[in-house]
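What follows is a single structure, written as structure tokens, with notes after it.
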Amino acid sequence: MLKSVLNNLSNLFKSSGDSGNIAKSRLKLVLVHDRADCQGDIMEALKNDIIQVIKKYVELDGDLNIEISNKIASDNKNDSAVSVLCANIPIKKMRKVSVN
Amino acid sequence: MGEVIVITSGKGGVGKTTNSANIGAGLALANKKVVLVDADIGLRNLDVVLGLENRIVYDLVDVVEGNCRYKQALIKDKRFEGLYLLPAAQTRDKDAVSPEQMQKLCSILKEEFDYVIIDCPAGIEQGFKNAIAGADRAIVVTTPEISAVRDADRIIGLLEANELNNPMLILNRLRLDMVKRGDMMTIEDVKDILSIDVLGVVPDDEVIVVSTNKGEPAVTNLNSRAGQAFNNIVNRILGQKIEIMDFNRKDSFFTAIKNFFKLKKA
């Protein structure tokens with residue numbers, strides 16, 4: 001009896017009817033991936049352009065790895081998922097460049 | 001010159017055929033000349049939903065293969081003046097028709113009819129390509145479930161890649177009780193995710209099961225909520241501005257308290 005009341009209490013504070021929002025945020029994540037997958041050639045072009053820019057300043061060690069991923073941005077007021085472009089750049093050493 | 005509208009969804013079982021039947025019947029009730037084309041070759045169902053299954057002689061494949069004139073294959077619905085059905089073949093598969101043949105058929109049909117409504121099969125393969133080939137615009141049907149909305153998103157992308165821009169959405173089988181307690185995505189949620197215009201929202205309604213059992217489109221039953229929803233959709237297709245009913249999610253905390261006491265009592 002006590003257990004069931006406690007269970008109900010915990011359900012109350014878990015805001016039991018929230019699966020609609022869960023569905024929405026899960027769906028948003030899935031769709032970012034789905035939509036990004038459709039544009040493989042664009043990702044490749046973006047990657048090549050980024051490499052060109054970075055090479056001016058940095059000597060790369062191996063291949064550049066970029067992908068679109070999703071995370072909850074901390075400064076996002078709605079706490080909703082946003083897509084983030086992540087680039088993993090293995091650096092060998094910085095180039096000596098003069099900036100004027 | 002009429003308009004060819006394809007009704008599609010990606011996922012199966014979300015209500016393409018029911019929506020096709022009701023939109024077709026509704027347009028006919030509004031004094032339009034309408035032909036419903038069942039493009040789901042091999043799995044035809046529009047005939048039973050409309051209650052016309054006993055009257056099929058020729059089908060879509062017979063027409064494109066030239067076994068009959070297209071007028072011989074059209075079944076006139078005696079209950080709705082101006083409504084015709086071009087049934088799918090049941091014993092053939094999707095490859096029996098090509099997109100070019102469908103395009104040609106649609107251009108012939110829209111000479112004679114105000115609306116050519118194409119009921120698209122589920123999936124994104126040959127049957128989908130055939131169904132959209134001759135279309136001027138598209139209606140995407142989805143339910144407020146993750147899987148259906150995901151597939152709708154894919155379909156919208158494919159439609160736009162095929163130059164069927166600005167498809168309209170029908171959100172089918174919305175359960176107001178579940179939306180109110182926060183356990184179902186709202187109209188706004190789905191609209192926001194798919195970023196397309198909503199043509200209509202059809203509440204989940206037992207009337208649909210009953211009317212399908214009988215082979216009578218629910219759009220004639222204006223006492224039912226689903227019937228009203230289909231009627232609104234038809235009027236929006238005809239260009240009228242009708243507000244979408246407002247089914248916003250209620251305060252989930254209040255609902256939670258209510259449920260808490262309900263559970264305790266039980």
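Taking the Cα centre of the stretch B:1-115 as origin, work out the dipole magnitude from +1 charges on Lys and Arg Cβ and -1 charges on Asp and Glu Cβ, in debye rounded to 20.
Result for the stretch B:1-115 is approximately 260 debye, rounded to the nearest 20.
Checking an interface number: how much accessible area is buried between A and B, summed over both chains, with a 1.4 Å probe, in Å² rounded to 100?
Chains A and B together bury approximately 1900 Å².
Can you list the HN-Hα couplings for the stretch B:143-154, worked out from phi with the Karplus curve (6.51, -1.76, 1.60; θ = phi - 60°), rounded to whole Hz and with x for Gly and Pro?
10, x, 10, 3, 5, 5, 5, 4, 5, 4, 4, 5
Under a 5 Å amide H to amide H cut-off, with H placed in plane at 1.01 Å, what residues pair with B:Glu3 once short-range neighbours are removed?
Distant-sequence amide H within range of B:Glu3: B:Tyr115, B:Val116.
How large is the translational diffusion coefficient of chain B in µm² per second when you combine the Kirkwood radius over alpha carbon pairs with Stokes-Einstein at 20 °C and 1.002 mPa s?
Translational diffusion coefficient: 113 µm²/s.
Anything over 26 Å Cα to Cα? Flag those among B:Lys71/B:Lys94; B:Lys76/B:Lys110; B:Lys16/B:Lys110; B:Lys16/B:Lys129; B:Lys129/B:Lys241, in the order listed. Write down the numbers at each step before the final one.
On the way: B:Lys71/B:Lys94 22 Å; B:Lys76/B:Lys110 16 Å; B:Lys16/B:Lys110 21 Å; B:Lys16/B:Lys129 16 Å; B:Lys129/B:Lys241 31 Å.
Pairs exceeding the cut-off: B:Lys129/B:Lys241.
Enumerate the whole-percent occupancy of each 5 Å bin, from 0 to the last occupied one, for all C-alpha pair distances of the stretch B:1-127.
2, 12, 23, 27, 22, 11, 2, 0
Quick one: among B:Asp204, B:Asp151, B:Asp189, which has the greatest mean-square fluctuation in a GNM of chain B with alpha-carbon springs under 10 angstrom?
B:Asp189
I'd like the FRET efficiency for A:Val99 and B:Arg69, computed as 1/(1 + (r/R0)^6) with the beta carbon distance as r and R0 of 56 Å, rounded to 0.05.
0.10
Would you grab the residues whose amide H sits under 5 Å from the one on B:Val141? Only those 5+ places off in sequence or on another chain, please, with H modelled 1.01 Å from N.
It is B:Thr8, B:Ser9, B:Ile170, by chain and number.
From the alpha carbon gyration tensor of the stretch B:24-75, can you work out the equivalent ellipsoid semi-axes (sqrt of 5 times each eigenvalue) and give them in Å, largest to smallest?
Computed over the stretch B:24-75, the values are 20, 14, 10 Å.
Using the Karplus curve 6.51 cos²θ - 1.76 cosθ + 1.60 with θ = phi - 60°, work out ³J(HN,Hα) for each residue of the stretch B:156-166 in order, rounded to whole Hz, and write x for Gly and Pro.
Each residue's phi maps through the Karplus curve to give 4, x, 5, 5, 5, 5, 9, 6, 9, 7, 6 Hz.
Identify which of B:Glu188, B:Glu206, B:Glu145 has the largest mean-square fluctuation in a Gaussian network model of chain B, with springs joining Cα atoms closer than 10 Å.
In the Gaussian network model the winner is B:Glu206.
Please give me the summed charge of the neighbours of B:Asp204: other residues whose Cβ is under 15 Å from its Cβ, Lys and Arg +1, Asp and Glu -1.
0
Comparing B:Ile170, B:Ile242, B:Ile124, which has the greatest mean-square fluctuation in the GNM of chain B with Cα pairs linked when under 10 Å apart?
So, out of B:Ile170, B:Ile242, B:Ile124, the one fluctuating most is B:Ile242.
In debye, nearest 20, what is the charge dipole magnitude of the stretch B:58-133 about its Cα centre with +1 on Lys and Arg Cβ and -1 on Asp and Glu Cβ, if you could check? The partial results should precede the final answer.
Numbers: 10 positive and 13 negative charges, 32 e Å.
The dipole of the stretch B:58-133 has a size of about 160 debye.
Any idea how far the Cα center of the stretch A:86-100 sits from the one of the stretch B:21-53, in Å?
That distance is 64 Å.
Cα axis of helix B:225-237 to longest principal axis of chain B: angle in degrees, 0 to 90, nearest 10?
60
On a 0 to 90° scale, report how tilted helix B:99-112 is relative to the longest principal axis of chain B, with both axes built from alpha carbons and the result rounded to the nearest 10.
Tilt relative to chain B: about 90 degrees.
Loop-only trypsin sites (Lys or Arg not before Pro) in the stretch B:51-99, please: DSSP not H, G, I, E or B, and at most 13 other Cβ atoms within 10 Å.
Taking the stretch B:51-99 and a limit of 13 other Cβ atoms within 10 Å, the loop trypsin sites (Lys or Arg not before Pro) found are B:Arg69, B:Lys78.
Taking the Cβ of A:Lys93 as the centre, find all other residues whose Cβ is under 9 Å away and add up their charges (Lys, Arg: +1; Asp, Glu: -1).
Its environment carries a net charge of 0.
Using only DSSP helix segments of four residues or longer, with each worth -39500 (n - 2.57), what per-residue ellipticity at 222 nm results for chain B after dividing by its residue count and rounding to 500? Intermediate results must be reported in sequence, preceding the final value.
Numbers: 12 runs with 116 residues, N = 266.
Theoretical 222 nm ellipticity from helices: -12500 deg cm²/dmol.
Suppose each label sits 7 Å from its Cα in the direction of the beta carbon; what would the B:Asp136-A:Arg26 distance come out to in nanometres?
A separation of 4.1 nm, rounded to one decimal place.
Ordered by packing density, taken as the mean number of other Cβ atoms within 10 Å over each peptide's residues, highest first, how do B:215-222, B:82-89 rank?
B:82-89, B:215-222
Of B:Asn162, B:Ser195, B:Gln90, which is farthest on the positive side of the dipole of the stretch B:86-223, counting Cα position, with +1 on Lys and Arg Cβ, -1 on Asp and Glu Cβ, and the Cα centre as origin?
B:Gln90
Which FRET efficiency, nearest 0.05, do B:Glu160 and B:Lys104 yield, Cβ-Cβ r, R0 22 Å? Kindly include the intermediate steps, with their values, before the conclusion.
Values: r = 24 Å, r/R0 = 1.07.
That gives a FRET efficiency of 0.40.
Can you give the FRET efficiency to the nearest 0.05 for A:Asp18 and A:Leu85, using r as the Cβ-Cβ distance and R₀ = 41 Å?
About 0.85, to the nearest 0.05.
The values are calculated or read from the model by the stated rules, or taken from the named source; none is laboratory data. Predicted, not measured: the structure shown is a model, and the values here were computed from it. Please note: Cβ atoms are built from the backbone with ideal geometry, for glycine as well, and neighbour counts cover all protein chains shown. These area figures cover heavy atoms from the full protein model, side chains too; ligands, DNA and RNA do not enter into them. Shrake-Rupley method; radii C 1.70, N 1.55, O 1.52, S 1.80 Å.
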